[in-house]
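Comments concern the structure below.
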Amino acid sequence: MRVLLKMALEDAGFDVVGEADDAQSLIVISQSMNPSVVIIDFNMEQTDLVRLIEDLLDIDPVIAIIIISDPIDSVGETVLSAGARAFLQKPFSMYDMTDTVRKVKPIY
């Protein structure tokens, strides 16, 4: 799935500046690369996911965070309350993904 997301985003004209395998790596990449949008598709407990969202917003309060989750996870309301800009439930189309990134991407 990761390769498809990256290809779809690049085909839509977005620059993919990094990929992370875990929350700590994502924090490090976000600090060094300063992305405008972060897409999170990690298998995490809700409390850890909320903490990650808060940590990313501490790095950059304007960063747009998109959370991807399986349908059984019911985390949408929680992550949006924590500061995520969007929630995508699997399965979704690559059009849905790129459209969501366009909608939430900050304009500087």
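For the stretch 28-50, the tally of residues that are within 20 Å of VAL104 (Cβ to Cβ) and part of a helix (DSSP H, G or I) stands at 5. If the condition is being closer than 15 Å to PHE14 by Cβ and at pLDDT below 95, then the stretch 51-94 contributes only MET94. Going through the stretch 51-79 one residue at a time, which ones are assigned to a loop (DSSP other than H, G, I, E, B) and either crowded, with 18+ Cβ neighbours inside 10 Å or of a type outside the set (Ser, Thr, Tyr) (or both)? Within the stretch 51-79, ASP60, PRO61, VAL62, ILE63, ASP70, VAL75 meet the criteria.
Contact map, the stretch 6-32: first residue within 14 Å of ASP55 (Cα to Cα), second residue part of a helix (DSSP H, G or I) and at pLDDT 95 or above, Cβ cut-off under 6 Å, separation 6 or more or different chains; pairs are ALA23/LEU52; ILE27/ASP55; SER30/LEU56; SER30/ILE59; GLN31/ILE59.
Residues of the stretch 80-108 being surrounded by fewer than 11 Cβ atoms within 10 Å (Cβ to Cβ) and not in a helix (DSSP H, G or I), which ones?
Of the stretch 80-108, the ones surrounded by fewer than 11 Cβ atoms within 10 Å (Cβ to Cβ) are 81, 91, 93, 95, 107-108.
Scanning the stretch 80-108 gives PRO91, SER93, ILE107, TYR108.
Contact annotation: residue pairs with Cβ atoms under 8 Å, 6 or more positions apart or on different chains, pairing a residue in the stretch 41-65 that is touching a residue at least 40 places away in the same chain (Cβ under 8 Å) with a partner that is among the polar types (S, T, N, Q) and in a helix (DSSP H, G or I), are ILE63/SER30. The set of residues from the stretch 1-21 being in a loop (DSSP other than H, G, I, E, B) and farther than 15 Å from SER69 by Cα comprises ALA12, GLY13, PHE14, ASP15, VAL16, VAL17, GLY18, GLU19, ALA20, ASP21. Selection over the stretch 30-48 of residues that are more than 13 Å from the chain's Cα centre (by Cα) and either surrounded by 13 or more Cβ atoms within 10 Å (Cβ to Cβ) or hydroxyl-bearing (Ser, Thr, Tyr) (or both) gives a count of 4.
The values are calculated or read from the model by the stated rules, or taken from the named source; none is laboratory data. From a predicted model like this one, the values you see are computed outputs, not experimental measurements. Cβ sites come from the backbone with ideal geometry, for glycine too, and all protein chains shown count toward neighbours.
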